[in-house]
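Undergrad: Take a look at this one; I'll ask things after.
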Amino acid sequence: MSTRRKALAGNGRSDWYKRMNTTSPVSDDALTLRFWGVRGSTPVSGPEYVEFGGNTPCLEIRCGDRLFVLDAGSGIGPFGRSNTEGLPQEIDLLFSHLHLDHTAGLPFFKPAVFDETRTIHTYCGNLDGACATEALDRLFSPPLFPVSLDVLPCSLKHHGFKAGEPLVFADGSRVGTILLNHPQGSVGYRFEHAGKRLCVISDIEHTDPWPDPALLAFVQDADLIVYDGMFTEGEYCRCAGWGHSTWQKGVELAKAANAKALAIIHLHPGHTDAQLRQVEADMQAMMPASFIARERQTVDVGAPSVTSRPQLALALTA
């Protein structure tokens, strides 16, 4: 094993960590999550960001074979390039909100955007029912961007909804939604499949008192909560009002909701691998079934426990 692989291998994490991270084939009753971008605000690169990654948010969620893509940060580029044969003709792209770190990767979603036979449906729920058309057309046009989205060969169809309303798709799939406390609003999503529950709660700033009763009900008994932990408690006191939370508040929410596991995303662009490993150790001392998300890490949500040495999915695929 190379030095880098050894550095990425398990550090005495619980058996739970192994069962939650998988590279096994997906079964019809599996609910799987793959992180393609876990940073917040801006992408980062460099030797100090190798383990956790530097791309901004993009999550691949599969309910059996049914695909949902959550957010189009810079991580959507490698997601597309790694799924050249596995993308459906109609793709459902759910936006948490339309801030730049969650939208800037859209034109680079290859091969989907260059396929004239493919349709990308976008869903936006933080604009009181309005869809993303106006905002995306403004973002992707000169002088901010060299071309407009209408030059892309694919079809883009934008759908608006009001956060709090469930999304119901033509195939009968249903996704729960909730409005989150963030500048201009953000949407949390709940995916349920084969008796398993995944809740993605980012971007959010915690409230006082905490947890918020409506959010607590939304994530109750989740198999996995994915939560915005951009700041430490020491940093948050200088960043109140910015729309983000701490890993400590994520642990509080997960415990109050009787959630089985917690993953922290929207990582601060200034937090290095060494800092995040220490945060993860501190977090796991409070909640063993928790971790800091790593780019390209795959999670088998609600998988049964196994007994084997824990190891990161990233180490297996690096």
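Undergrad: Just for the chain, what percent of DSSP beta bridges are antiparallel, to the closest 5?
TA: The answer is about 55 percent antiparallel.
Undergrad: Please identify the longest segment of the chain free of exposed GluC sites (Glu not before Pro), where exposed means a DSSP state other than H, G, I, E or B and no more than 11 other Cβ atoms within 10 Å.
TA: Longest site-free region, per DSSP loop and neighbour criteria: 117-318.
Undergrad: Now a separate question. Tell me the angle of helix 247-256 to the major Cα principal axis of the chain, expressed in degrees between 0 and 90 and rounded to the nearest ten.
TA: The helix 247-256 is inclined about 80 degrees to the chain.
Undergrad: Based on DSSP H runs of at least 4 residues, each adding -39500 (n - 2.57), what is the mean residue ellipticity at 222 nm of the chain after dividing by all its residues, to the nearest 500 deg cm²/dmol?
TA: The helix contribution divided over the chain gives -5500 deg cm²/dmol.
Undergrad: Still on this structure, please answer the following. Taking Cα atoms, how many degrees apart are the long axis of helix 273-286 and the longest axis of the chain, rounded to 10 and kept between 0 and 90?
TA: So the inclination is approximately 60 degrees.
Undergrad: Continuing with the same structure: Taking a quarter of the surface of the Cα convex hull of the chain, what do you get in nm²?
TA: 15.9
Undergrad: With unit charges on the beta carbons (Lys and Arg positive, Asp and Glu negative) and the dipole taken about the Cα centre of the chain, which residue among LEU156, GLY46, ILE201 sits farthest to the positive side?
TA: Most positive-ward Cα: GLY46.
Undergrad: So, by mean Cβ neighbours within 10 angstrom, what's the order for 164-170, 33-39 with the highest one leading?
TA: Ranked from most to least packed, the peptides come out as 33-39, 164-170.
Undergrad: Loop-only check: which chymotrypsin sites (Phe, Trp or Tyr not before Pro) in region 197-291 are DSSP coil with at most 16 other Cβ within 10 angstrom?
TA: The qualifying sites are TRP242.
Coordinate-derived values only; no laboratory data. No experiment lies behind these values; they were computed from the predicted model shown. Virtual Cβ from ideal backbone geometry, glycine too; neighbours counted across all protein chains shown.
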